[in-house]
Structure formats: structure tokens, C-alpha cells
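No value in this document is a laboratory result; all are computed from the given coordinates. Remember, predicted model here, so these are calculated numbers, not experimental data. For neighbour counting, all protein chains shown are included, and Cβ atoms are generated from backbone atoms with ideal geometry for every residue, glycine included.
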Amino acid sequence: MKTVTVRKAREDLGEVLRMVKKGEQVELLEGKKPIARIIPIPLPMSGPVPGEDRVVDWSDVRTRLDTIWKGKPAPGKPASQIIIDDRR
């Protein structure tokens, strides 16, 4: 694991991000004390490409919700009431 001071990271964030893109973990140091770690996000091996349009099948959502809630309304306020309350 690479270590970089906070000062160096501020001065050259691009270099730190290049290390992370290559798969390296970078530990940020304040003085000699580690305070944070930047790690790469694992990329999916397959599946949709970020930003690619996807089609989601919602045809059975009503059936699944009825199974969960047994035909009763979900507890709590309806979303419309939460939005109205939030706007006040």
C-alpha cells in the first residue's frame, strides 16, 4: 500500500487518483498518522455498463408487494404526505 501525505495529495490529486485507478490502495497521512485510505472500486466483471440504458421489469411488483404487505397499505405516511410535510 502506498502512503501519501495530505499535503502531497492536495498538491497532486491527479497522481493519487492514477495510483488508485491502477488498483493501488493509498493511505493518507497527517504527519505520520494515517487518517484515511483511498481504495479502488471493484469493477463488475459483466453486466450493464455505467450510463447504459437498462430496461427494468416491473410487471410483478404489485404481486410482490401484496405478498409482503398481505394486501394492507404499508405502515407510515404515504410518500405524497412526506413530500408535502417536507415542503413546509
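Which FRET efficiency value, to the nearest 0.05, is calculated for I41 and D66 with the Förster distance at 35 angstrom and r the Cβ-Cβ distance?
0.45
With charges only on Cβ, +1 for K and R and -1 for D and E, what is the dipole size of the chain about its Cα centre, in debye, rounded to 20?
Charge dipole, the chain, about its Cα centre: 380 debye, nearest 20.
Return the aspartates and glutamates within reach of K70: Cα separation strictly under 13 angstrom, same-chain partners fewer than 8 residues apart disregarded; answer none if there are no such residues.
List returned: none.
What is the extension gain from K32 to V55, computed as 0.36 nm multiplied by their sequence separation minus the C-alpha to C-alpha distance, in nm to one decimal?
Extra length available between K32 and V55 comes to 3.3 nm.
Suppose we keep just the DSSP beta bridges with both residues in the chain; what percent of those would be antiparallel, to 5?
Numbers: 5 of 9 bridges.
Bridges in the chain are about 55 percent antiparallel.
Setting aside same-chain residues fewer than 8 positions from K21, which lysines have a Cα under 29 Å from its Cα?
Partners found: K2, K8, K32, K33.
With a ≥ b ≥ c taken as the square roots of the eigenvalues of the C-alpha gyration tensor of the chain, please select rounded if a/c is under 1.5 and otherwise prolate if a/b is larger than b/c or oblate if it is not?
prolate
Among V56, A79, V6, which residue has its Cα furthest toward the positive end of the charge dipole of the chain, with +1 on Lys/Arg Cβ and -1 on Asp/Glu Cβ?
V6
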